[in-house]
Amino acid sequence: QVQVVESGGGLVQPGGSLRLSCAASGSIRSINSMGWFRQAPGKQREMVARITSRGVSSAADSVKGRFSISRDTAKNTVYLQMNSLKPEDTAVYFCDVYVNGGQYYWGQGTQVTVSS
């Protein structure tokens with residue numbers, strides 16, 4: 001079994017920054033990719049950013065230039081640095097991982113609220 005735990009959410013004013021962290025642990029032989037998606041009330045789930053085992057990253061157009069994803073391979077941890085936050089970034093942010101050649105897991109999510 002694999003556990004995925006997010007942290008770092010909270011309330012921030014528009015224009016502010018937050019850094020989310022996600023650690024994967026358990027029966028992991030290899031990590032194929034780690035990423036973030038978000039779910040806002042009444043909206044479809046949206047992929048936010050992803051980084052592969054080779055360090056190739058991608059991000060949704062809605063966050064490019066504001067959000068960046070990075071990783072610490074030794075700790076099986078991925079980070080999402082969110083700058084210039086907007087009210088429309090308000091959502092529950094989930095971390096997900098592909099491990100061991102095809103197994104998929106995700107965490108319980110962390111709330112990010114952007115409001116003045």
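The table below lists the values:
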item: Sole residue being among the aliphatic types (A, V, I, L, M), surrounded by fewer than 17 Cβ atoms within 10 Å (Cβ to Cβ), on the phi < 0 side of the Ramachandran plot and free of Cβ contacts under 8 Å to residues at least 60 places away in the same chain, chosen from Ala49, Ala23, Ala59, Ala74; result: Ala74
item: Matching residues, region 106-116, being open to solvent by 50 Å² or more (accessible area, probe 1.4 Å) and part of a strand (DSSP E or B); result: Trp106, Gln111
item: Failed item, numbered, when Val5 is tested on (1) open to solvent by 60 Å² or more (accessible area, probe 1.4 Å); (2) under 10 Å from the mean Cα position of the chain (by Cα); (3) aliphatic (A, V, I, L, M); result: (2)
item: Options Phe67, Phe37: the member that is surrounded by 14 or more Cβ atoms within 10 Å (Cβ to Cβ) and in contact (Cβ under 8 Å) with a residue 40 or more places away in the chain; result: Phe37
item: Pick from region 35-85, criterion assigned to a strand (DSSP E or B) and among the polar types (S, T, N, Q), ranking: farthest from Gly15 (Cα to Cα); result: Thr52
item: Any hit, region 71-86, residues being acidic (Asp, Glu) and under 15 Å from Gly26 (Cα atoms); result: no
item: Selection within region 7-32 - in contact with a Leu (Cβ under 9 Å, 6 or more places away or on another chain) and either part of a loop (DSSP other than H, G, I, E, B) or under 14 Å from Arg71 (Cβ atoms) (or both); result: Gly8, Gly9, Gln13, Pro14, Gly15, Gly16, Ser17, Arg19, Leu20, Ser21, Cys22
item: The one condition in (1) buried (at least 19 other Cβ atoms within 10 Å of the Cβ); (2) more than 15 Å from the chain's Cα centre (by Cα) that Gly101 fails to fulfil; result: (1)
item: Any chance Met82 is buried (at least 20 other Cβ atoms within 10 Å of the Cβ), touching a strand residue (DSSP E or B) at 6+ places or on another chain (Cβ under 6 Å) and in contact (Cβ under 8 Å) with a residue 12 or more places away in the chain; result: yes
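The values are calculated or read from the model by the stated rules, or taken from the named source; none is laboratory data. Given the structure is predicted, the values throughout are model-derived calculations rather than measurements. All Cβ positions, glycine included, derive from the backbone under ideal geometry; neighbour counts span all protein chains shown. Side chains included, ligands, DNA and RNA excluded: accessible areas come from the protein's heavy atoms. Shrake-Rupley method; radii C 1.70, N 1.55, O 1.52, S 1.80 Å.
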